[in-house]
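Just below is one structure, and these are the notes that go with it.
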Amino acid sequence: MASARTQTLAGQRPRSLWLQEALARPGEKDAPALQGEARADVCIVGGGYTGLWTALRLKELEPSLDVAIVEADVCGGGASGRNGGLVLSLWSKFPRLQETWGTEGALALGRASAGAVTAIGEECRRRGIDAEFREDGYLWAATNEAGAGSWRHTLDALDRAGVSPFEEWTPEQASARAGSTMHRGGVFEPSGAVVQPALLARGLRREAMAADVAVFERSAMTGLRRAGASGWKVVTAGGAVTAGTVVVAMNAWAVWFRQVRRHVLVLGSDVLATPPIPERLAEIGYRDGLGVSDSHLLVHYYRNTGDGRFVFGKGGGEVAGRLVDARFEGASRRLAEVTGQFRRIYPNLADVPVELSWTGPIDRTMLGLPYFGPLGGRQDVLIGVGYSGNGVGPSYLGGRILASLVLHRDDEWAGSPLAGGPRGWFLPAPLRQIGGRMVRAAIARTEDREDAGRPPRALDRALVSLAPSGLALHHGD
Ligand SMILES: Cc1cc2nc3c(=O)[nH]c(=O)nc-3n(C[C@H](O)[C@H](O)[C@H](O)COP(=O)(O)OP(=O)(O)OC[C@H]3O[C@@H](n4cnc5c(N)ncnc54)[C@H](O)[C@@H]3O)c2cc1C
């Protein structure tokens, strides 16, 4: 089905703050690499949240099932160990959900995704995963005048549908809770949470191994071939797993498959972290685990950590070509831009140094929503991809959906609107990179002007309107 082709895989240094912390924990060591031939009922390719939640759910539903995970790097080496750690519902994408699946479908997805946030906290407690999960809410804020009220359309749609997951905050309220007067108001969702992302991924790995899932790390799939009547062969450098069903949980790296490339545009997202500054955070009033993202299309997202660091990220970075390459690994290449925005939004932390930065790929779909289902029409090769920067919470749903699809269950998960495969497509390469870069540059110019209180240029405004359902990370309309 697919032949070996090189793309840069996770695992290049320096790693994220989260992975450095998680991998330094006592008892952490790599699972073995795949050597020789192995068999499984289900082989999952990719050991991030999607792969790990899927494996755990499969073992919960059918304990006798043989499940294997083949991970190119270490589990959590991809986006699951590098993200901002904001655990969010899909309520902020309500107009998009409604437009696509009607009010009932949108309500069901909103509720399921909010339930996933709570469920992740419960799973951490139940399984003894200390992932520093803090459910102190999420603030969708404006950090310039142009962004103020950008949530109105979403609030109105939610209101008409009879639900109110958000409370509207004044600039004073938002500024007081997020610790900077640069906040021009926002909407607060009490059910949002933050997590130490890599501790969650590594904890799920531990649980999967304890449930007898065969985990192979540093074992990149280099080919996927038909294996007669017995299913598929997932080939790695050291061996192969033959399995009846394959689940592709490769996130942005799934653009390796031609069938995914048209539906997923890979963009970078970049994160910086300060040293621990707990007294400074207390001074500015940013004390709890509030997660914040703003209304910029090249979104800013931020939170603090249990030990008092400030972590600040920016979406809409590098645009990938056909494959995910080295630009999506290691330290951020646009640290100056990200630091500049951190300093703009937090002038009261202007003297705080940046200790480290990292980057990672975002798997953006046209709708800004993930999709699940057969890859290339094959019922025994399933894929889940396209979280578009909001995957920490929704990947929990992804695990349930994929497990139900693998087992051919007729339940609410297999029947989820997200299980209907991809919707919308991007231009083929190289037009997508050229177009993507032009639109991205126009957004950056527009947002720079708006940050300075100046109106955007007419040509840029026209280009910005071409952005796929917003390049925004967390909200999609
Ligand atoms: C910088 C950044 C910030 C983000 N911030 C947030 C946020 O605050 N909130 C939020 O909800 N979402 C955020 N996201 C998105 C979120 O992290 C992802 O949606 C989520 O982690 C997806 O999980 P996954 O398991 O599908 O992907 P991943 O964790 O990326 O897992 C895919 C795995 O597949 C492996 N792989 C790739 N190729 C192969 C191969 N050939 N063979 C075997 N394995 C392979 C990779 O090594 C990787 O471990 C962010 C993402 C990034 C990059």
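The values are calculated or read from the model by the stated rules, or taken from the named source; none is laboratory data. Because the structure is predicted, anything quoted here is derived from the model rather than measured. Backbone-built Cβ (ideal geometry, glycine too); neighbour counts: all protein chains shown. The protein model used for the area step is the full one, side chains on, heavy atoms only, and it has no ligands, DNA or RNA in it. Shrake-Rupley method; radii C 1.70, N 1.55, O 1.52, S 1.80 Å.
The residue that is farthest from residue 90 (Cα to Cα), counting only those in the range 103-127 that are touching a residue at least 60 places away in the same chain (Cβ under 8 Å) and over 21 Å from the mean Cα position of the chain (by Cα), is 127. Just to check your reading of the model, which residue among 180, 113, 175, 150 is of a type in the set (Gly, Ala, Ser), at pLDDT below 95 and either touching a Lys or Arg at 6+ places or on another chain (Cβ under 9 Å) or buried (at least 19 other Cβ atoms within 10 Å of the Cβ) (or both)? Result: 150 is the single residue among 180, 113, 175, 150 that is of a type in the set (Gly, Ala, Ser), at pLDDT below 95 and either touching a Lys or Arg at 6+ places or on another chain (Cβ under 9 Å) or buried (at least 19 other Cβ atoms within 10 Å of the Cβ) (or both).
Residues that are more than 13 Å from the ligand (Cβ to nearest atom) and either basic (Lys, Arg) or modelled with pLDDT under 95 (or both) within the range 47-87 comprise 57, 59, listed in sequence order. Quick one: would you say residue 337 is open to solvent by 10 Å² or more (accessible area, probe 1.4 Å), more than 15 Å from the ligand (Cβ to nearest atom) and of a type in the set (Asp, Glu)? Against the criterion (open to solvent by 10 Å² or more (accessible area, probe 1.4 Å), more than 15 Å from the ligand (Cβ to nearest atom) and of a type in the set (Asp, Glu)), residue 337 does not qualify. Of all residues in the range 221-234, one or more are among the hydrophobic types (A, V, I, L, M, F, W, C), modelled with pLDDT of 95 or more, crowded, with 24+ Cβ neighbours inside 10 Å and closer than 21 Å to residue 391 by Cβ. Per this entry, residue 401 is not counted among residues that are at pLDDT 95 or above, open to solvent by 20 Å² or more (accessible area, probe 1.4 Å) and within 16 Å of the ligand (Cβ to nearest atom). For residue 414, the conditions (1) open to solvent by 10 Å² or more (accessible area, probe 1.4 Å); (2) away from the ligand (no atom under 12 Å from the Cβ); (3) in contact with a Phe, Trp or Tyr (Cβ under 6 Å, 6 or more places away or on another chain) all hold with the exception of (3).
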